[in-house]
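Scroll down for the structure; my scribbles are underneath it.
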Amino acid sequence: MLGRPRKGAKLKEEVWETEDGEVVRYSLAYINPLICAVDNGRVLGYDNSHEYHHRHFMGMVEPVEFHDYKALAERFQAEVNELWKEEERK
């Protein structure tokens, strides 16, 4: 759960790894129902459910290239930071 100015919003990271550290399943999400009324409030998210890697943004879903989890997590964090900057300007 996030505090002010995003009180009630959430950042979620779930990662499943094999014993040797290979990421086999993941879900990253920025959830804020005050900004996004669809997709259970998910403003931005990445996951590999439904047998493919994809990005959620404001209710829209699109496939994404997946190279490795670390790069994807960094992309997610960078996008969240940009969204927060936009929120602060409003």
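Only one of the listed residues (TYR30, TYR46) is open to solvent by less than 40 Å² (accessible area, probe 1.4 Å), of a type in the set (Phe, Trp, Tyr) and touching a Gly at 6+ places or on another chain (Cβ under 8 Å). That residue is TYR30.
This table checks each residue for (1) among the charged types (D, E, K, R); (2) open to solvent by 40 Å² or more (accessible area, probe 1.4 Å); (3) touching a strand residue (DSSP E or B) at 6+ places or on another chain (Cβ under 9 Å).
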site	(1), (2), (3)
ARG42	yes, yes, yes
HIS53	no, yes, yes
GLU65	yes, yes, no
PHE76	no, no, yes
ASN81	no, yes, no
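Taking the listed residues ALA78, ALA71, the one that is more than 10 Å from the chain's Cα centre (by Cα), modelled with pLDDT of 95 or more and more than 15 Å from VAL15 (Cα to Cα) is ALA78, with no other qualifying. Reported count of residues in segment 35-50, each being touching a helix residue (DSSP H, G or I) at 6+ places or on another chain (Cβ under 8 Å) and either part of a loop (DSSP other than H, G, I, E, B) or among the polar types (S, T, N, Q) (or both), is 1.
Of all residues in segment 1-27, those being under 12 Å from the mean Cα position of the chain (by Cα), open to solvent by 90 Å² or more (accessible area, probe 1.4 Å) and touching a residue at least 60 places away in the same chain (Cβ under 8 Å) number 1.
Residues that are aliphatic (A, V, I, L, M) and in contact with a helix residue (DSSP H, G or I) (Cβ under 9 Å, 6 or more places away or on another chain) within segment 61-77 comprise VAL61, VAL64, listed in sequence order. When ASP20, ASP47, ASP39 are screened for being within 19 Å of GLY8 (Cα to Cα) and among the acidic types (Asp, Glu), only ASP39 passes. Being surrounded by 12 or more Cβ atoms within 10 Å (Cβ to Cβ), touching a residue at least 24 places away in the same chain (Cβ under 8 Å) and assigned to a strand (DSSP E or B) is the requirement here; does VAL61 meet it? Taking the combined requirement at face value, the residue does not satisfy it.
The values are calculated or read from the model by the stated rules, or taken from the named source; none is laboratory data. Quick caveat, the model's predicted, so the values are computed rather than measured. Please note: Cβ atoms are built from the backbone with ideal geometry, for glycine as well, and neighbour counts cover all protein chains shown. Note: accessible area is taken over every heavy atom of the protein model, side chains too, but ligands, DNA and RNA are not part of it. Shrake-Rupley method; radii C 1.70, N 1.55, O 1.52, S 1.80 Å.
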